[in-house]
1. Looking at region A:153-166, can you tell me whether even one residue there is touching a residue at least 40 places away in the same chain (Cβ under 8 Å), surrounded by fewer than 17 Cβ atoms within 10 Å (Cβ to Cβ), of a type in the set (Gly, Ala, Ser) and more than 10 Å from chain B (Cβ to nearest Cβ)?
2. A:Ser50 is checked against (1) among the hydroxyl-bearing types (Ser, Thr, Tyr); (2) crowded, with 20+ Cβ neighbours inside 10 Å; (3) closer than 23 Å to B:Ala209 by Cα and fails just one. What number does that condition carry?
3. Quick one: count up the residues across region B:293-306 that are away from chain A (no Cβ under 14 Å) and in contact with a helix residue (DSSP H, G or I) (Cβ under 6 Å, 6 or more places away or on another chain).
4. Go over the candidates B:Leu94, B:Leu90, B:Leu55 one by one and state the one that is hydrophobic (A, V, I, L, M, F, W, C) and in a loop (DSSP other than H, G, I, E, B).
5. Give region A:211-233 a look and list any residue that's aliphatic (A, V, I, L, M) and under 14 Å from A:Leu261 (Cα atoms), or say none.
6. Contact list please: Cβ distance under 6 Å, first residue in region A:47-64 and facing chain B (nearest Cβ under 10 Å), second residue of a type in the set (D, E, K, R), pairs at least six apart or on different chains.
7. What are the pairs, 6+ residues apart or on separate chains, where a residue within region B:208-229 that is at the interface with chain A (Cβ under 7 Å from one of its Cβ atoms) has its Cβ under 6 Å from a residue that is buried (at least 24 other Cβ atoms within 10 Å of the Cβ) and aliphatic (A, V, I, L, M)?
8. May I ask you to list the residues in region A:94-113 that are open to solvent by 20 Å² or more (accessible area, probe 1.4 Å) and hydrophobic (A, V, I, L, M, F, W, C)?
Amino acid sequence: MTDSGHGNLLSVTDLRTYFETEDGTVKAVDGISFELKQGETLGIVGESGSGKSVANLSLMRLIPNPPGKIVSGSIVFAGRDVLKLSPREVRKLRGKRIAMIFQDPMTSLNPFMRVSKQLMEVTRLHLGHTKKQAREHAIKMLEHVGIPDARSRVDSYPHEFSGGMRQRVMIAMALSCRPELLIADEPTTALDVTIQAQILELINSLKAETGASVILITHDLGVVAGMTDHIIVMYAGKVFEQATTTELFERPGNPYTCGLLRSVPDPTDEQGKLYQIPGLPPDLAHLPPGCPFAPRCERAEEICRREFPPYVQLTREHYSLCHFASDVYTKSQAQEGNR
Amino acid sequence: MLRFIIRRIVVIIPMLFIVVSLTWGLIRLAPGNFYTGEKKLTPAIEKNLREKYGLNRPWYVQYGKVLWNIARFDFGNSLKYEGQSVNQILFRGLPVSATLGLSAYLLALFVGITTGTLAALKQNSWIDYASMVLAMIGISIPNFVLGPLLVLIFALNLFWLPPALWNGFPSKSIVLPALTLSAIYIAYIARLTRSGMLEVMRSDYIRTARAKGLSETQVVFRHALRGGLLPVVSFSGPALAFLITGTVVVERVFALPGLGNYFINACFNRDEPLIIGIVAFIAVTVLGFNLLVDISYGFIDPRIRY
């Protein structure tokens, strides 16, 4: 929001993606803006249904239409507005310059197709590989993501791999064409904890190696803490808070973020009782006039239920969507001092 | 895999036994006999006939003979078509039925899958609605109505096609019966394809395929069709078996010399060996094609192992 696109690989402005349902218009993503610099990692955090996946599918224009539609906004990737490209030009971005890893590796690979074929498909399409080149490249990529005995396993079917291995295959596929932007949509949610760490480490090292920018979508604050430079907190299709990772963890400026941080299990806590934000995310088709978080918010006052909150700039890179952003921020600072 | 096939083939034997026994029992329970006609026979002639065809022997001897015949794949001689064995009649009727059935089958697959896929890809468009309304009509109109209707329009009014009889393949005479026969299958397959494709197109791996930058055509042909057509495969095996073993109504409407027509005549005539022969043949074919479908699953879906 401060600089206008210098050094930015991606800059999203006022993106709105709506879904038409029988229940009314669901504003899954409602006016979000963010920027991503070359080589940076951005974390997008939020509960289920907060719009984080829809936001990222919008970046690749993968929103099924109907019922979904990108209503307004701009997505400038490497100097060009993705929303203004022809379908053909968008397809040239997908898989080549922007790649995606999905949440569930068990269902994200085609169960009827050999892994080799699924990997070769990408490089033959985008890099013009011959069959032989593509095959060698596929094997190389599988070795690269740490699949043992890649040469003999390349012709296996997805079901012959474990969940973690399948996610490695997905990563190999996503990175086949050395994309400039990798979007990882909850890449570890479906995996068990030890595998989670391995996969995150893999993404990190491949990122360092290729210099790609990464968007990491998750509902797990522990995952973003160690990996990201910036974090966006999403709620009800809106950006609630945006800050550098350290700033957000140390000095959150939004009651919702505070709630999320409090609900991370703390092994040193004697009581052993886990905090949880009361209530459920709102129905996106029927949002109240005020702050969408107000009904669940501890800090909420009369104004919150009446008026939509302002997007307050707290520091140069720290924004918060709250009537009391400065109060919350000051309190966080005070708490930080006490610690 | 081989053990699975052998096991399935072995299972065919008791199934066949049950089918044949039921058929035989039902024929025997039905009143009348192959020699009962409008003219009453004298007791002497009736006695001679019963002796000649072994009808005076105890029921278990006759039943045993039926089973023994089947075990040898020799169903004996027809009672009505004199001097012709059931096997001869089977081999005469089968090519007609199989040609007609196969034509109808291929037509149904081609039209059904194309329509179903288009309807799924353009869900909630006019193509979708129109084809599903047509499919509903196709399922609802019985072929003994559709057949005469087509004859009325294309044979008796427009004079484009012959109204009946068989001129072999290829000839104009196959068009109307094949259309009549395939209508319901087209409708079924279109609906199966549509629902199968709709489900697959929403699946995660299709999203992955799109995220790779493949065009919509590539997504559909390389990634979606295979999974989307699985329900069609399970339907199409038994369907083919029923189609090629003769279709009673359509062969009757168009007076085609196929198995179905022979079957009806055999029933009217109480031609026991012919009835049992045709029933046994149909049963084996249906069971066989079901087995083929199960085997083909293994090739279509690599996750399935026997």
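1. Yes, that holds for at least one residue.
2. (3)
3. So the first thing to find is which residues in region B:293-306 are away from chain A (no Cβ under 14 Å), and the list is B:293-295, B:306.
If we keep only those that are in contact with a helix residue (DSSP H, G or I) (Cβ under 6 Å, 6 or more places away or on another chain) too, we end up with B:293, B:306.
Qualifying residue count for the region: 2.
4. Going through B:Leu94, B:Leu90, B:Leu55 in turn, just one is hydrophobic (A, V, I, L, M, F, W, C) and in a loop (DSSP other than H, G, I, E, B): B:Leu55.
5. A:Leu221, A:Val223, A:Val224, A:Ala225, A:Ile231, A:Ile232, A:Val233
6. A:Met60/A:Arg94; A:Leu62/B:Arg210
7. B:Ala211/A:Met100; B:Lys212/A:Val122; B:His223/B:Ala209
8. Across region A:94-113, the qualifying residue is only A:Met106.
The values are calculated or read from the model by the stated rules, or taken from the named source; none is laboratory data. None of the values given here were measured: they were computed from a predicted structure. Cβ sites come from the backbone with ideal geometry, for glycine too, and all protein chains shown count toward neighbours. Surface areas here come from the heavy atoms of the whole protein model, side chains and all, with no ligands, DNA or RNA. Shrake-Rupley method; radii C 1.70, N 1.55, O 1.52, S 1.80 Å.
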